[in-house]
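Novice: Here it is, the structure in full.
The values are calculated or read from the model by the stated rules, or taken from the named source; none is laboratory data. A quick note: this is a predicted structure, and the numbers were derived from the prediction, not measured. Cβ coordinates were reconstructed from backbone atoms using ideal geometry, including for glycine residues, and neighbour counts include every protein chain displayed.
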Ligand code: GGG
């Protein structure tokens with residue numbers, strides 16, 4: 001059976017990097033690609049940032065490849081992650097040979113809770129100049145992400161699992177997150193350590209090599225993974241998978257990058273590496289390994305886009321990756 005892949009480039013550089021990843025997927029497998037719109041431009045044209053047909057497409061496809069969200073991120077990427085039933089956002093951050101990295105020894109994976117925290121959208125202006133946001137942390141979601149993180153570490157041969165929290169200040173919400181992680185660790189006999197997320201930001205910057213898998217509440221995972229991108233050469237290098245019990249959505253960690261959108265110079269590596277994660281999810285382990293190795297080869301030998309010091313275009317980098325396949 002030919003797998004159906006929903007392709008949603010979204011905004012800005014998503015429109016430039018996603019076609020490269022589709023070409024790569026096309027080069028290694030026989031997939032049916034179904035394209036759909038979402039984002040700022042879609043909202044301008046249709047009044048809706050996420051048309052129902054795009055949501056349904058992602059919900060029903062075998063996997064989804066997403067590009068980037070812009071101003072309408074909360075209306076696009078959050079519901080799309082929900083459409084595929086994802087609860088875990090897997091964000092590997094590793095340095096690549098040949099890429100000028102602040103911390104070349106970095107090789108870690110953030111397991112970000114993907115459904116609650118401060119990304120619930122429960123915000124209001126309760127009076128003129130006074131706004132509130134409701135941070136939701138449930139025991140079920142906290143246990144689920146902790147179990148996923150511990151199992152991910154065990155299955156992928158990672159030794160150290162760190163649970164990030166700020167339970168000394170957010171006593172009730174992160175207190176629950178931390179307790180749930182402790183319970184799951186005890187029940188499964190998993191080793192883990194715990195880190196206050198603010199101090200962890202500093203330790204990641206100084207000694208990233210000491211960390212393997214970091215389980216985080218939603219916003220902390222979003223921020224710490226961007227921090228780690230800075231350690232390995234930038235956001236152009238970080239892929240991600242939004243994983244649910246059955247379905248999943250794959251996207252680069254970067255956003256729409258309006259500063260360079262339209263110039264054709266965005267680094268497609270993060271999206272192509274996300275496509276490799278998609279291949280793995282669909283069971284194409286060898287193809288995924290080949291794609292990763294092709295990206296690594298191009299990162300080491302060039303051509304590279306300006307974010308990595310080169311002067312190649314997105315398309316030229318994409319063509320070089322496909323040449324290696
Ligand atoms: N491809 C990731 C993306 O579009 N990022 C923009 C953004 O606002 N992300 C928020 C999030 O990842 O939760």
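Novice: Out of curiosity, is residue 247 within 13 Å of the ligand (Cβ to nearest atom) and in contact with a helix residue (DSSP H, G or I) (Cβ under 8 Å, 6 or more places away or on another chain)?
Specialist: no
Quick grid of which residues meet (1) touching a strand residue (DSSP E or B) at 6+ places or on another chain (Cβ under 9 Å); (2) on the phi > 0 side of the Ramachandran plot:
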residue	(1), (2)
81	yes, no
84	yes, no
88	yes, no
92	yes, no
98	no, yes
101	no, no
104	no, no
109	yes, no
116	yes, no
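Novice: Another question about this same structure. Any residue at all in the stretch 20-34 that is closer than 26 Å to residue 287 by Cα, in contact (Cβ under 8 Å) with a residue 60 or more places away in the chain, buried (at least 23 other Cβ atoms within 10 Å of the Cβ) and within 13 Å of the ligand (Cβ to nearest atom)?
Specialist: Yes - at least one qualifying residue is present in the stretch 20-34.
Novice: I would also like to ask the following. Confirm whether residue 104 is buried (at least 17 other Cβ atoms within 10 Å of the Cβ) and either modelled with pLDDT of 95 or more or within 12 Å of the ligand (Cβ to nearest atom) (or both).
Specialist: Yes; evaluated as a whole, the condition is true for this residue.
Novice: Moving on. Mind listing whichever residues of the stretch 309-322 are under 22 Å from residue 277 (Cα atoms) and in contact with a helix residue (DSSP H, G or I) (Cβ under 8 Å, 6 or more places away or on another chain)?
Specialist: Across the stretch 309-322, the qualifying residues are 314, 315, 317, 318, 320, 321, 322.
Novice: Among the residues of the stretch 258-269, write down those that are within 13 Å of the ligand (Cβ to nearest atom) and surrounded by fewer than 24 Cβ atoms within 10 Å (Cβ to Cβ).
Specialist: Scanning the stretch 258-269 gives 258, 261.
Novice: Could you tell me how many of the residues in the stretch 53-76 are over 24 Å from residue 116 (Cβ atoms) and either in a helix (DSSP H, G or I) or within 16 Å of the ligand (Cβ to nearest atom) (or both)?
Specialist: 5
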